[in-house]
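Worksheet: one structure, shown below.
Values quoted throughout were computed directly from the atomic coordinates according to the rules given, and no laboratory measurement underlies them. Bear in mind the structure is a predicted one, so any value in this text is a computation, not a measurement. Glycine also receives a Cβ, built like all others from the backbone with ideal geometry; neighbour counts cover every protein chain displayed.
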Amino acid sequence: MDRTVKALSLILSYPTRALQAAMPEIGGVLAADSRLTAATRRALRLLIENLANRDIYDLEEEFVLLFDRSRSLSLNLFEHVHGESRDRGGAMVSLVETYRAGGFEPVTAELPDHLPVLLEFLATQPASEVRETLANAAHIFDALSTRLERRESPYSAVFTALLQLSGVRADSEAVAELLEQPEDDPGDLAALDTVWEESQVTFGPDPNAGCPQVHEMLSRMELPINSNSARHVAAK
């Protein structure tokens, strides 16, 4: 079990009182991981303190505004690549099959490409698989970290940590292409309602899908970004 990957999965989950109570243990795991730079461990410590000590309702509101009401900060990874294209449905099916091949059945209403779900799965996988999968999404992590820094959000430290765990430097052109996409205003509810009125992405068991490795699917994240793609958000 990669306890650091598991810890980052928990930090990116919807805040609860139980999660708040676990923050000291989560912080201890992250503080002890030498794969992360000292600066990143300090930034994560500040985030841990924030999540542990702030009012739970404030934390919930902040999480929703950042990750549920902002397509540009979506934790559903395929949103940043496939949007609502047909490719996204196929990628979802492959990811579900990969989870099942690994004996992993997520107990959640979230989509399979939801980052905390993927990280929970990766925490159980060999180190080489973890690094390669994270490396294939490095440009997404870099872009998310940058956008969160712009909003002065301590959550940016999580994506910096994921980059460091990947062991690679994100492709600058791919990052720039992501950052060129417009950032939505989570406070503009009317505009968000218009954007999110879209068809549902369907996925499920497919006997012809096979069970490709996770990194093979996520390597598709290197495909050009569709600037007109919309977002599907699973209801909590």
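Here 57, 155 are placed in order of increasing Cβ neighbour count within 10 Å, fewest first, which gives 57, 155.
Separation of segment 98-116 from segment 1-67 is 21 Å, based on Cα centroids.
Most exposed first by the Cβ proxy, i.e. fewest other Cβ within 10 Å, how do 63, 141, 104 rank? Don't skip to the end; give the middle numbers.
Numbers: 63 18, 141 24, 104 15.
The most exposed by this proxy come first: 104, 63, 141.
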